[in-house]
1. Within the range 79-95, how many residues are under 23 Å from L60 (Cα atoms) and either touching a Lys or Arg at 6+ places or on another chain (Cβ under 6 Å) or of a type outside the set (A, V, I, L, M) (or both)?
2. Could you give me the residue pairs with C-beta distances under 8 Å whose first residue belongs to the range 95-121 and is more than 17 Å from E166 (Cα to Cα), whose second residue is of a type in the set (D, E) wherever it lies, and which are 6+ apart or on separate chains?
3. Which residues, taken from the range 112-122, are surrounded by fewer than 16 Cβ atoms within 10 Å (Cβ to Cβ) and either closer than 25 Å to E45 by Cβ or under 19 Å from the mean Cα position of the chain (by Cα) (or both)?
4. Taking the range 73-91 on its own, how many of its residues are assigned to a helix (DSSP H, G or I) and exposed (fewer than 14 other Cβ atoms within 10 Å of the Cβ)?
5. Name the one entry in R115, R58, R89 that is within 26 Å of I144 (Cβ to Cβ) and at pLDDT 75 or above.
6. Can you go through I167, I152 and tell me which one is part of a helix (DSSP H, G or I), at pLDDT 95 or above, among the hydrophobic types (A, V, I, L, M, F, W, C) and in contact with a Leu (Cβ under 8 Å, 6 or more places away or on another chain)?
7. Would the range 27-40 turn up any residue that is at pLDDT 90 or above and not in a loop (DSSP other than H, G, I, E, B)?
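The values are calculated or read from the model by the stated rules, or taken from the named source; none is laboratory data. Quick caveat, the model's predicted, so the values are computed rather than measured. Methodologically, a virtual Cβ is constructed for each residue, glycine included, from the backbone with ideal geometry; neighbour enumeration extends over all protein chains shown.
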Amino acid sequence: MRGATGRFANFTCCILALTGLTAPANAYLYWKKPAIAGAPATGGEPGITLPMPGAQPRELAAGLLWTMRAGLNVAALQCQFLPALGTVRNYNNMLHQHGAELQAAYAALGGYFKRVNGKTWQTALDDFTTKTYNSFSTLQAQLIFCETASSIGRQTLEASSGHLGEIATTRMREFRNSLVPIGDMTFAEHYTNVQFDPIEDPRCYNKKGKEVRCKDK
């Protein structure tokens, strides 16, 4: 048994030496992770967060942060196939470490929906949250999504209190980019100009987040 194991290890080392492949220390699922980083986001950009018509800058920032939190929550559920990613641990620790900032973001979102929707604000906020969660659902791009979520989750733990929103600003476009299937760049060198369709109009969904006929169509 030892001899067989040793031969397999030597074979693996030889293959890696011949191909010149070295997995990055911060990557778990790729030899060469696709470059999907994008420009900073402020909130309200099509394809990044759900529309928030008439929102003030601080409300858009709250929506952006809350969207990142939702994405990391989805990753904690979808990415448990590889415990080394730490998506559950990262998410739970983020909630503990940055709870005050997350609560402030939720309060700001609540204030926005109260101002815009009046008495139905809670229903509108619940719809926003449900559709935000649904917008992170992915199967074909699960590997790059989970890899990216793991990286963002680790970064949230390195951030000091009050700076979680800065991570949302710098990495939410990358997080959205990770929902598009893309291969390992060691074997596919021509993935460029990834484009995304805007998130659908909230009026086209019912209270359970399922798509229905839009009210104005």
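1. 1
2. Qualifying pairs under 8 Å: L109/E59; G111/E59; Y112/E59.
3. K114, R115, V116, N117
4. Looking only at that region, the number is 3.
5. R89
6. After applying the criteria, what remains is I152.
7. No, that holds for no residue.
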